[in-house]
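Peer 1: Sharing a structure below in C-alpha cells format, with a few things to ask.
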Amino acid sequence: MHRQLASLVILTLATVGATALAASIPPGRQHRLVITGENTITFVPQLNMPDVKVDYQAKFEYIVDSRYGKEPKPAATETKEPDKDDDDPADPNVAKTAKKSRSKAKKGETPGSQATGAIDVSLHSSERLFRQNGQPLVEMKVSRSKFQGRTRPEMPAVSVTAANAPAPLLEIMKGFDVTAASLLLNDDLKVLNRKYFRAEGAPQRAIVETMLSIHTPLPRNADSWEAFTQIVMGQGQTAKGNLRFEKIQPPPIKKQETDKNKDKVPPKEVTRVNVKVSGTLKAEGIVAERFIKDGTYTVTGEQTFDLRTHDWITSRWTVVVDNELANPNGQTIARAKGTMTLESRTVDGTGPNETEKSGPKL
C-alpha cells in the first residue's frame, strides 16, 4: 500500500483538476481504533546482519451502524416467516436482503440462512506513522477531503485536497465516509456472509476486516462462541483464524439489607456484557520483503457490549506476534517478534469533524 500511495503522491504533484468530493457522514455510532506495536527482526548469524526494529502507530476514525431486522421471537414459539412485503425490516437495504433470502427459503433453505440484519462499517479518516530503527518511513493522514504526509523518507511532505487529486488517489479518498463493508446476519445474530463495497480490493481492506472482526455480533442465547477473525498485519495483509469469545459472568448479587417495613430494592437492569477474547491466528504473506514461513498472532483481550445500543463500546486486544521469515528457496533467514495493541472505543460527544484538528506533525 505504501508503494502504491507513493506513486500516487508523485502523480499528484504534477496533476490537477479532479472534482471535490461531497462529504456526508454515514449513519451510525462513531468509534476510534488505535493500533500501536513494535517488532524486532533478528537475522540468522550466518548473514551477519544487524537487528531491525520497527514500531508503528495508527489511528482510525470509523462509524458502525447495526441494523437488525426484527426483535427475537419467543423461545417456545415456532413462527413461519410471512411472505408479505409489509413485514420486511424497516431499513430498505435490510428489507431487500431479507426479501431475497425468503424467496430462496421457499425452495428449501432453512430459516437460519435468511439475512434479516447487518452491521455496516465505514471509514472516516486514518493516520499512520511507521518507523525503522527510529527513522520515520511513512507518515500520512487520509480522509475523503485531504491527503497529508509522506510515503517515503526521502520524499517531501505534501498536502493534497480532493479538488487537486489525480484520479487514482481520488479513488482511494472516495473510500472514506461511505459504507465499506457489511456483516449480514440472521435472526439469531449469527454472521451469514460478508459484503464488500468500497473495501473490495482497496488499500484499506485489511483495516476494514479488522473493524468487522472487532464488531462481531453478540449471538442470542450463547455464553461463548467462535468467530472468524482477521487482523491487519501490514502491506494490505491480514492474519486469519477463529477467536473464542466468552462472556464474563458477573459476581453473585448479595442479599439486600432491608428493614422489615421496607420493600426490597429491585435488581439493577443489566445493560452491558463483558467478554473475554482469546485465540491464535495464522499469518501468511510477506514481512520486510521476506516470506512468512511460519507465523502466528496470539490474541488475548476483553470487550464490552452495550445492550441498549447493540454495539461494542470498548475493545482492547493484545497480540503477540511471532513470524519465521524465509527466502524464496524456503530457507529460514530471520525471525520477527513483537507485540501489538488494538484499542477501540466509542467517541461519545465528539463528531468526526473533530478529528480533522489532529494528525501527524509534518
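The values are calculated or read from the model by the stated rules, or taken from the named source; none is laboratory data. Note that the structure is predicted; figures quoted are calculated from it, not measured. With ideal geometry, Cβ positions are generated from the backbone for all residues, glycine too; neighbour counts draw on all protein chains shown.
Peer 1: Give the stretch 112-138 a look and list any residue that's surrounded by fewer than 22 Cβ atoms within 10 Å (Cβ to Cβ) and outside any strand (DSSP E or B), or say none.
Peer 2: Across the stretch 112-138, the qualifying residues are Gly112, Ser113, Asn133, Gly134.
Peer 1: In the stretch 337-357, which residue that is surrounded by 14 or more Cβ atoms within 10 Å (Cβ to Cβ) and at pLDDT below 95 is nearest to Leu281 (Cα to Cα)?
Peer 2: So the residue we want is Val347.
Peer 1: Looking only at the stretch 170-197, how many residues end up being part of a loop (DSSP other than H, G, I, E, B) and either closer than 22 Å to Leu281 by Cβ or of a type outside the set (Lys, Arg) (or both)? Walk me through how you get there before you give the answer.
Peer 2: The first filter runs over the stretch 170-197 and keeps only residues part of a loop (DSSP other than H, G, I, E, B), leaving 174-175, 177-178, 186-190, 197.
So of that shortlist, the ones also either closer than 22 Å to Leu281 by Cβ or of a type outside the set (Lys, Arg) (or both) come out as 175, 177-178, 186-190, 197.
Number satisfying all stated conditions: 9.
Peer 1: Check whether at least one residue in the stretch 198-216 is in a loop (DSSP other than H, G, I, E, B), under 24 Å from Glu302 (Cβ atoms), in contact with a Leu (Cβ under 9 Å, 6 or more places away or on another chain) and not aliphatic (A, V, I, L, M), and report yes or no. I'd like the intermediate steps shown before the answer.
Peer 2: First pass over the stretch 198-216, keeping only residues in a loop (DSSP other than H, G, I, E, B): 198-204, 215-216.
If we keep only those that are under 24 Å from Glu302 (Cβ atoms) as well, we get 215-216.
Checking which are in contact with a Leu (Cβ under 9 Å, 6 or more places away or on another chain) leaves us with 215-216.
Those left that are additionally not aliphatic (A, V, I, L, M): 215-216.
Within the stretch 198-216, one or more residues are in a loop (DSSP other than H, G, I, E, B), under 24 Å from Glu302 (Cβ atoms), in contact with a Leu (Cβ under 9 Å, 6 or more places away or on another chain) and not aliphatic (A, V, I, L, M).
Peer 1: Right, next: Could you check Tyr297 against (1) at pLDDT below 95; (2) closer than 24 Å to Asp51 by Cβ and say which number it fails?
Peer 2: Looking at each condition in turn, Tyr297 falls short on (1).
Peer 1: Moving on to the next point. Answer yes or no: is there a residue in the stretch 47-67 that is surrounded by 13 or more Cβ atoms within 10 Å (Cβ to Cβ) and either on the phi > 0 side of the Ramachandran plot or modelled with pLDDT under 90 (or both). Full working, then the answer.
Peer 2: Of the stretch 47-67, the ones surrounded by 13 or more Cβ atoms within 10 Å (Cβ to Cβ) are 49, 52-67.
When the remaining residues are screened for being either on the phi > 0 side of the Ramachandran plot or modelled with pLDDT under 90 (or both), the result is 67.
Yes; the residues of the stretch 47-67 include at least one that is surrounded by 13 or more Cβ atoms within 10 Å (Cβ to Cβ) and either on the phi > 0 side of the Ramachandran plot or modelled with pLDDT under 90 (or both).
Peer 1: Give me the residue from the stretch 239-262 that is modelled with pLDDT under 95 and among the polar types (S, T, N, Q) and, out of that set, farthest from Asp306 (Cα to Cα).
Peer 2: Selected residue: Asn261.
Peer 1: Please tell me if Ser159 is among the polar types (S, T, N, Q) and buried (at least 22 other Cβ atoms within 10 Å of the Cβ).
Peer 2: Values: among the polar types (S, T, N, Q): yes; buried (at least 22 other Cβ atoms within 10 Å of the Cβ): no.
No: the conditions fail for Ser159.
Peer 1: For the stretch 308-318: of the residues being touching a residue at least 40 places away in the same chain (Cβ under 8 Å) and more than 15 Å from the chain's Cα centre (by Cα), which is surrounded by the fewest Cβ atoms within 10 Å (Cβ to Cβ)?
Peer 2: Filtering the stretch 308-318 for residues that are touching a residue at least 40 places away in the same chain (Cβ under 8 Å) and more than 15 Å from the chain's Cα centre (by Cα), the one surrounded by the fewest Cβ atoms within 10 Å (Cβ to Cβ) comes out as Thr309.
Peer 1: Determine the pairs where a residue that is over 20 Å from Met173 (Cβ atoms), located within the stretch 130-159, has a partner that is of a type in the set (S, T, N, Q) with Cβ atoms under 9 Å apart, the partner being 6 or more residues away or on another chain.
Peer 2: Within 9 Å, the pairs are Phe130/Gln57; Arg131/Gln57; Leu137/Thr151; Pro153/Gln132; Pro153/Gln135.
Peer 1: Still on this structure: Being surrounded by 16 or more Cβ atoms within 10 Å (Cβ to Cβ), at pLDDT 85 or above, within 21 Å of the chain's Cα centre (by Cα) and basic (Lys, Arg): is that true of Lys141 here?
Peer 2: Details: surrounded by 16 or more Cβ atoms within 10 Å (Cβ to Cβ): yes; at pLDDT 85 or above: yes; within 21 Å of the chain's Cα centre (by Cα): yes; basic (Lys, Arg): yes.
When the stated conditions are applied, Lys141 passes them.
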